[in-house]
Amino acid sequence: MKIVVCTKQVPDTKSAVKFNPDGTLDRSAMLAIMNPDDKAGLEAALRLKDKYGAEVTVISMGLPTAEDILREALAMGADNAILVTDRVLGGADTWATSQTLAGAIRNLEYDLIITGRQAIDGDTAQVGPQISEHLGIPVISYAQKIEIEGDSVIVERQFDDRYHVLKAQMPCLVTALSELNEPRYMTPGGIFDAVKKEITTWGRADLVDVDDSNLGLKGSPTQIAKASNKVRKGAGEKVTLDASESVDYIMDKLKEKHVI
Amino acid sequence: MNLEEYKGVFVFAQQVDNEISSIAFELIGKGKSLAGDLGTEVTAVLVGSDVKGLADELAAYGADKVIVVDDPELKEYRTEPYAHALASVIEKYKPEIFLVGATAIGRDLAPRVSARIHTGLTADCTKLDIGDFPLEPKPNVEQKHNQLLMTRPAFGGNTIATIACPDFRPQMATVRPGVMQKLPKVEGAKAVVEEFNPGFTPNNKYVEILEIVKSVVDTVDIMDAKILVSGGRGVGSPENFKLLEDLAEAVGGTVSCSRAVVDAGWKPKDLQVGQTGKTVRPNVYFAIGISGAIQHLAGMEESDIIIAINKDESAPIFDVADYGIVGDLNKIVPMLTEKIKAEVAAK
């Protein structure tokens, strides 16, 4: 079985967010990590590899620095790593990103593609389903459990108040939730091997069946009109009292506001 | 693409088990005001099996027109037949705006549809306006009018971005549930109802549903609650949530929680407030033992009154709390519950 895992290097959104003058994100100025949902997707792929045997290829579109998360993926146990990087791909929205990744994946053989549900920078959850649409394969998003049965994949798909157990014919794309698993750590041996492994780098010329008009900032249907730091309402009162005074304080406020 | 051909505001009227989801009415409410600005109408697109009878309810909440796509293949939500339904409706009716709820269904469906018809999609919007793009006139750039300006939080709630889709139609957005207001219900209101079936032939993209497992606990939707008693990892254990449940009962509220609590398996996902959970705006939000990660704040900071109890005085939750109490929740919460009970009993 061949599994492709899409990963994204994301700014750690718990640290400060910085922008370029055009409103796009200044990724170079921020701490970068492997997107958590993608890491869960990679872990799911590695568990399928452990259980059924599989070749796991990790692919990332981004700046050359995304090599860091690909090395991490190799150290965790991925077999191959591909970096898709090119100036003309920059500034892509989810349409152009999914076109790029689909164009790259067309070079590969695959039974299963796993992406994270969403990246913590954009939080859109759109790229996975959009890749599947471009490739003409089924998608199951929000996977909380993934199993293989013959040439099908069986997935528990989370909804608000329920989950569906779904069966799809492979090739298929599944988007993974962080809740799916606890990703393994890199092993010292894995790190040692990862350093020696080659990361394949692809540019625009390596993308299959993608028109220039669908790539990068120019190929993005959505455009940023404005981006700004969130203005939060200021802090109110903060008190440090003993427990019974605290209770009296809250009671006063609840009465003042006619809650009770 | 001739943009002029595209007219009208369409909303996806999500139903589950043949019951219309609240988000559908919220989208009609917002769609109505956008349609007012554009001088057009709101059309609800109702997709399912045996759902035609639900059209009147959509009319009661303000839909001018309802397009019903009714087919046995659409009984349970599955990505492919639903995507086919919406893409076919868009190809036939050519709306200029298409809104979908940012629910588990909508966030799966909308990207597939937007990719199929080649248009932009903006996720999880919290504000929608009609305006100019670019916002201010710029030299050598045509400023387009009557564009949908879609505003959403990004980068974990650290920033707010306003996005337009000037060259493709429809302008598509998913909209966070609980943010837009529904219109008052008008009993007996009628809409033009039109049936449309593009034909559904199963192919490799149709998945098979082996089983549907519903949550055994019938919980109150935290988005409808007027008072939320929300707990975080600081509560300490699943058993200790009893303190919060007692307080919620005394004050007539509902228990919710932070992501850490869901990740730890203490509470189910549908009680989670925040960026990857639900957006809530109750009258009172008790944040108890919640540190206040930015992703959590994004889901609750619009609450009218925020009361935070946390033993860590530097917890970020205090930056948004109207009333912050630095102290031990294990002592404060039970005493507060008793006081409230006594107060209520005295009335």
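Residue count for region A:41-65 satisfying the condition of being among the aliphatic types (A, V, I, L, M) and at pLDDT below 95: 1.
Within region A:179-198, residues that are within 14 Å of chain B (Cβ to nearest Cβ) have Cβ atoms under 8 Å from residues that are of a type in the set (Val, Ile, Thr) in these pairs: A:GLU179/B:VAL262; A:LEU180/A:ILE146, counting only partners at least 6 apart in sequence or on another chain.
The set of residues in region B:298-329 that are more than 9 Å from every other protein chain (Cβ to nearest Cβ) and under 15 Å from B:ALA248 (Cα atoms) contains only B:LEU329. In region B:272-292, is there at least one residue being in a helix (DSSP H, G or I) and touching a strand residue (DSSP E or B) at 6+ places or on another chain (Cβ under 8 Å)? No - not one qualifying residue is present in region B:272-292. Within region A:226-248, does at least one residue satisfy the condition of being loosely packed, with under 14 Cβ neighbours inside 10 Å and under 23 Å from B:ARG169 (Cα atoms)? Scanning region A:226-248 turns up no residue that is loosely packed, with under 14 Cβ neighbours inside 10 Å and under 23 Å from B:ARG169 (Cα atoms).
Which strands (runs of 3 or more DSSP E) does region B:157-219 wholly contain that include 1 or more residues that are touching a helix residue (DSSP H, G or I) at 6+ places or on another chain (Cβ under 8 Å) and either in contact (Cβ under 8 Å) with a residue 24 or more places away in the chain or under 23 Å from B:GLN272 (Cα atoms) (or both)? Qualifying strands (runs of 3 or more DSSP E): B:171-175, B:192-195.
Scanning region B:37-69 for residues that are within 28 Å of A:SER141 (Cβ to Cβ) and surrounded by fewer than 17 Cβ atoms within 10 Å (Cβ to Cβ) turns up B:SER49, B:ASP50.
The residue that is surrounded by the most Cβ atoms within 10 Å (Cβ to Cβ), among those in region B:313-347 that are assigned to a loop (DSSP other than H, G, I, E, B) and touching a residue at least 24 places away in the same chain (Cβ under 8 Å), is B:ALA321. Does B:ILE130 qualify as being touching an Asp or Glu at 6+ places or on another chain (Cβ under 6 Å) and under 20 Å from B:ASP64 (Cα atoms)? Yes, satisfied.
Each residue in region B:220-265 was checked for being crowded, with 16+ Cβ neighbours inside 10 Å and either touching a Pro at 6+ places or on another chain (Cβ under 6 Å) or not charged (D, E, K, R) (or both), and 28 pass. Residue count for region A:135-168 satisfying the condition of being crowded, with 22+ Cβ neighbours inside 10 Å and facing chain B (nearest Cβ under 7 Å): 8. In region A:97-134, of all residues being among the acidic types (Asp, Glu) and at the interface with chain B (Cβ under 9 Å from one of its Cβ atoms), the one that is farthest from the chain's Cα centre (by Cα) corresponds to A:GLU133.
May I ask you to list pairs of residues, at least six apart or on different chains, whose Cβ atoms are under 6 Å apart, with the first in region B:106-130 being at the interface with chain A (Cβ under 7 Å from one of its Cβ atoms) and closer than 23 Å to B:LYS278 by Cβ and the second being assigned to a strand (DSSP E or B) and of a type in the set (Gly, Ala, Ser)? Correct list of pairs: B:ASP108/A:SER141; B:THR122/B:ALA173. In region A:3-37, which residues are more than 17 Å from A:GLU72 (Cβ to Cβ), polar (S, T, N, Q) and either modelled with pLDDT of 80 or more or buried (at least 17 other Cβ atoms within 10 Å of the Cβ) (or both)? Listed by number, the list holds a single entry, A:THR13. Within region A:214-245, take every residue that is over 43 Å from the mean Cα position of the chain (by Cα) and facing chain B (nearest Cβ under 8 Å) and give me the one that is farthest from B:VAL320 (Cα to Cα). Among them, the one singled out is A:SER244. Consider B:ALA248 carefully, then state whether it is at pLDDT below 90, more than 10 Å from every other protein chain (Cβ to nearest Cβ) and touching a strand residue (DSSP E or B) at 6+ places or on another chain (Cβ under 6 Å). So B:ALA248 fails the test.
The residue that is surrounded by the fewest Cβ atoms within 10 Å (Cβ to Cβ), counting only those in region B:133-155 that are facing chain A (nearest Cβ under 9 Å) and assigned to a strand (DSSP E or B), is B:THR151.
Candidates B:GLN275, B:GLN295: the one that is touching a residue at least 60 places away in the same chain (Cβ under 8 Å) and within 7 Å of chain A (Cβ to nearest Cβ) is B:GLN275. May I ask you to verify whether A:ALA176 is at the interface with another protein chain (Cβ under 10 Å from one of its Cβ atoms), in contact with a strand residue (DSSP E or B) (Cβ under 8 Å, 6 or more places away or on another chain) and small (Gly, Ala, Ser)? No, not satisfied.
The values are calculated or read from the model by the stated rules, or taken from the named source; none is laboratory data. Computed from a prediction, not measured in an experiment: that's the story for all the values here. Using ideal geometry, Cβ is built from the backbone for each residue, glycine included, and neighbour counts are taken over all protein chains shown.
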